[in-house]
There are 2 protein chains.
Amino acid sequence: MRDGDRYGQGFVLWFTGLSGAGKTTIAEIVERDLRARFGKIEVLDGDIVRTNLSKGLTFSREDRNTNVLRIGFVANLLSRNGVGVVVSAISPYKEARDEVRRDIGEGFIEVFVDAPLEVCAERDVKGLYKKAFSGEIKGFTGVSDPYEPPAAPELHIKTNEEEPHESAARVITHLEERGYLWPVEQYREEYDRA
Amino acid sequence: MRDGDRYGQGFVLWFTGLSGAGKTTIAEIVERDLRARFGKIEVLDGDIVRTNLSKGLTFSREDRNTNVLRIGFVANLLSRNGVGVVVSAISPYKEARDEVRRDIGEGFIEVFVDAPLEVCAERDVKGLYKKAFSGEIKGFTGVSDPYEPPAAPELHIKTNEEEPHESAARVITHLEERGYLWPVEQYREEYDRA
């Protein structure tokens, strides 16, 4: 099942999807699990990055891609030094995501957090869809700006078909299968043997 | 002499000073030495960062500070995960350098690379001073834009009074004294004992 032992190597979990699809909810559960099992974790979420790396960028296609590439640049520096990086960012354009994938290489794990637009709009956690549909917010991804879904993400999560903790568990299992995390059973075995 | 054992902890060597003062020359020697003695090293130099993090920023006071804070943000993420970070950036304003110092804490090591303006202008490695004095380049640090020297840098290097390899050796010695590097003699002792 596992395709190698990469324990101690860094990786980048890149959660992409519409606003309201559930990226942050799942990322937070994953982060909590990871902190207990992997020494070095950093979270780069859209808001932190907008404040610290990308202030002044607009929501044009070019600027959105610049934002994604900056997150990718930092995630790459961290992951190649053994850090597990959790990124939550809409990252709507394929070209920028694919450039990050090329830069980072095998440690790049694209998690497509998917829910129908109507579901995201109905959840409307931050009240943004209401403003987007009324035209108060322009260039809103999924409403008045495109979202290009990943063609071959490492994981495709449909948040209207399972609970957040189930989605998070699938992400963790993926990391185990790829060898970035030891399966919990292996810890138990080593413990029993000692 | 050493004030603690911090081996394996990250740090940020922050080289600040005028263009032509010798920041990059010294940083490159330090980097080479470090790679042989410390696992994880990343170099964030002004040009790499301008390309990947700060494209579009001007050379105004505000934008120069934003650039410095972005480098500081990334250096902090890396150093708190055990990476030794080497930053070369003019970073002319005290307020931004001090904010980075506060964020990073004890791992922040400010190295003031100092040479009289006339010496830097005479070296004129990149031909920039000529253009600055003729007015072709505006807002050039040291000529038509201020440089605020550090009041209490961890190291003050006067590059018109010593050779680059002597300056680099002082930086390495500082890291040893602070416990971020084992002194070479200690490696030798452990080797002899084995």
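Brief remarks on what is shown
- Model label zone, residue B:163; criterion: amide N under 17 Å from point 7 Å along Cα-to-beta-carbon; scope segment B:26-44: B:26-30, B:33
- Ascending distances from the residue A:184 label point to its copies in the other chains, with the point 7 Å along the Cα-to-beta-carbon line: 5.1 nm.
- Dipole magnitude for chain B: computed about the Cα centre from +1 point charges on Lys and Arg Cβ and -1 point charges on Asp and Glu Cβ, it is near 660 debye.
- Burial ordering of B:91, B:60, A:19, fewest other beta-carbon atoms within 10 Å first: B:60, A:19, B:91
- Cα pair count fraction exceeding 24 Å, expressed as % - segment B:38-194: 42
- Within a straight-line Cα-Cα reach of under 26 Å, residue B:126 can be paired with the following lysines, leaving aside sequence neighbours fewer than 8 residues apart in one chain: B:23, B:55, B:94, B:138, B:158.
- Theoretical gain in end-to-end length, residue B:37 to residue B:177 [0.36 nm per residue, Cα-Cα removed]: 48.9 nm
- Residue-averaged [θ]222 nm for chain B, counting only DSSP H segments that reach four residues, each worth -39500 (n - 2.57): -14000 deg cm²/dmol
- Dipole of the protein assembly as shown, positive direction: furthest Cα of A:172, B:74, A:7, with charges on the beta-carbon: B:74
- Spatial separation of Cα centroids for segment B:21-92 and segment A:8-70, in angstrom: 22
- Per-residue Cβ neighbour counts within 10 Å put B:6, B:35, A:101 in the sequence B:35, B:6, A:101, beginning with the fewest.
- Relative contact order for chain B: 36 percent, from Cα pairs under 8 Å spaced at least 6 residues apart, divided by residue count.
- The protein assembly as shown: C-alpha pair distances exceeding 36 Å, %: 35
- Among A:132, A:152, A:169, the residue with the largest mean-square fluctuation in a Gaussian network model of chain A, with springs joining Cα atoms closer than 10 Å, is A:152.
- At an R0 of 51 angstrom, the distance between the Cβ atoms of residue A:106 and residue B:118 translates into a FRET efficiency of 0.50.
- Dipole size of segment A:93-194 about its Cα centre, with +1 on Lys/Arg Cβ and -1 on Asp/Glu Cβ: approximately 460 debye, rounded to the nearest 20.
- Between copies, residue B:36 shows label-point distances of 4.6 nm, shortest first, with the point placed 7 angstrom from Cα along Cα to C-beta.
- Selection among B:160, A:52, A:39 by position relative to the dipole of the protein assembly as shown gives A:52 as farthest towards the positive end (Cβ unit charges, Cα centre).
- Rounded FRET efficiency, nearest 0.05, which uses the C-beta distance separating residue A:51 from residue A:131 and R0 of 22 Å: 0.55
Read-outs: derived from the displayed coordinates by stated rules, not from any lab. Note that the structure is predicted; figures quoted are calculated from it, not measured. Counting neighbours? That spans all protein chains shown, and the Cβs are built from the backbone with ideal geometry, glycine included.
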